[in-house]
1. Here are some conditions: (1) surrounded by 18 or more Cβ atoms within 10 Å (Cβ to Cβ); (2) touching a residue at least 60 places away in the same chain (Cβ under 8 Å). Residue 112 meets all but one. Which one does it not meet?
2. Select, from 183, 201, 213, 205, the only residue that is within 14 Å of the chain's Cα centre (by Cα) and more than 30 Å from residue 57 (Cβ to Cβ).
3. Which condition breaks for residue 350 when tested against (1) crowded, with 24+ Cβ neighbours inside 10 Å; (2) within 16 Å of the chain's Cα centre (by Cα)?
4. Can you name every residue in the range 133-149 that is assigned to a loop (DSSP other than H, G, I, E, B) and more than 11 Å from residue 99 (Cα to Cα)?
5. If we keep just the residues of the range 401-415 that are surrounded by fewer than 24 Cβ atoms within 10 Å (Cβ to Cβ) and farther than 16 Å from residue 502 by Cβ, which is farthest from the chain's Cα centre (by Cα)?
6. Are there any pairs, at least 6 apart or on different chains, whose C-beta atoms fall under 6 Å, with the first in the range 234-246 and assigned by TED's automatic domain parsing to the domain that holds residue 139 and surrounded by fewer than 12 Cβ atoms within 10 Å (Cβ to Cβ) and the second at pLDDT below 95 and part of a helix (DSSP H, G or I), and if so, which?
7. Could you say whether any residue in the range 151-159 is surrounded by fewer than 23 Cβ atoms within 10 Å (Cβ to Cβ) and either assigned by TED's automatic domain parsing to the domain that holds residue 181 or outside any loop (DSSP other than H, G, I, E, B) (or both)?
8. Tell me yes or no: at least one residue of the range 224-238 is closer than 30 Å to residue 335 by Cβ and either touching a strand residue (DSSP E or B) at 6+ places or on another chain (Cβ under 8 Å) or not in a loop (DSSP other than H, G, I, E, B) (or both).
């Protein structure tokens, strides 16, 4: 870790350690007293059941339960009824928990305990929020969750909170220091179109000048420090183990936390984390080819042999799954293809969000009346970094280096069409090995050998990549394409394997392809990478 980051962590730790109360009986009064100079608008209550699939006494708040910043200033954007699709969308917990999960984790018994929510006091934007859940029956450990996309601190409720709380873990989460988005107009210089056929434009809060993506790592670290001390206040002792978990951008947070502040953690599980290399791969390189070629792909009748499809595949994407293909005006044309669902929901709006952050002088849309596709399909990151000052440097600041300091497991789907596995998970695996002076071939042979060498090496902690054959980035897509499989059970199993490795010195299964319908195995039939990204 750099000297600068060490100093920042030292200052934060000093702040959190000062004047800790030592109550005779733990509970909300003591926790709120601890948070008095660290949080704004903190709330604390004891619940009979902290599971978020508890319908009798809901723990996850309704969408848009927050309509202001921490200082009560109203959020920008239209004010509308709860759950309306045109609401500002600044904080949408009920939606967020289903984004990375196809449903709640089934458990049998209620989990009584304390829930704490609030804003971080040090954030001048009034957006940075945290969540703590502290079960009455605590196992002495803490799980800290990242948040996918620009989602709220409730993003992991189904996938992670409901899995670890019944096992006795304390749970913490955060929103990367930023709200989600609000609806805007094309005249807003930071607005992004929802998809190429949408009349709606949204403004992501994390494109505002005061919200650089570097904060994503900072808030994972700050929340961990806060949670560890809050746990001590409540239970009178620090957690003996702390684990990081997260999906997509939350997986990115896990990676960066284990790269930048490994001393705070005992290990992590990164579920299809976002990969960033200023030289590539990265989102700004990978998404434009898909955006550019998709309309012609639809026009070709979804012909996989024609140049549009071949161009998308050459950019690293998995094959499409097609149930119906029509040349009707999108988004109707997209409903019957997997690529189409990503085009309608993620490709353009995600590329725009990143371009607005890292290369804001690029004219994203130009004259849409003349060119409805805009300029984003032709965005050339590798050219821009040589001609536009500051683009490379700004991306370099958020690079995933692979230089992890604690054991890490990556779980990723081979059919991910937002963060393709060839450009994401496998690229991060290569970064981990490169940080250790190793290289590996396309089948991951060297990766397996060197992972074994590093299982109990504090300088080279274990790293594993578990590829879920037919898994994709959005779990709910299995409802439309039954050939796909759910990743969540594999990610949760990876968490249990990580704990056994850390606490009981059990060997982690080798990096492997988890075949469709299979499970993580100590003796995998296909070690390394999946030879086939898709099995019908």
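The values are calculated or read from the model by the stated rules, or taken from the named source; none is laboratory data. Quick caveat: nothing in here was measured; it's all calculated off a predicted structure. Cβ: placed from backbone, ideal geometry, glycine included. Neighbour counts: every protein chain shown.
1. In the conditions (1) surrounded by 18 or more Cβ atoms within 10 Å (Cβ to Cβ); (2) touching a residue at least 60 places away in the same chain (Cβ under 8 Å), residue 112 misses (1) alone.
2. Being within 14 Å of the chain's Cα centre (by Cα) and more than 30 Å from residue 57 (Cβ to Cβ) holds for just one of 183, 201, 213, 205, which is 213.
3. It is condition (1) that residue 350 fails.
4. Residues satisfying the conditions are 136, 137, 138, 139, 140, 146.
5. 403
6. none
7. no
8. no
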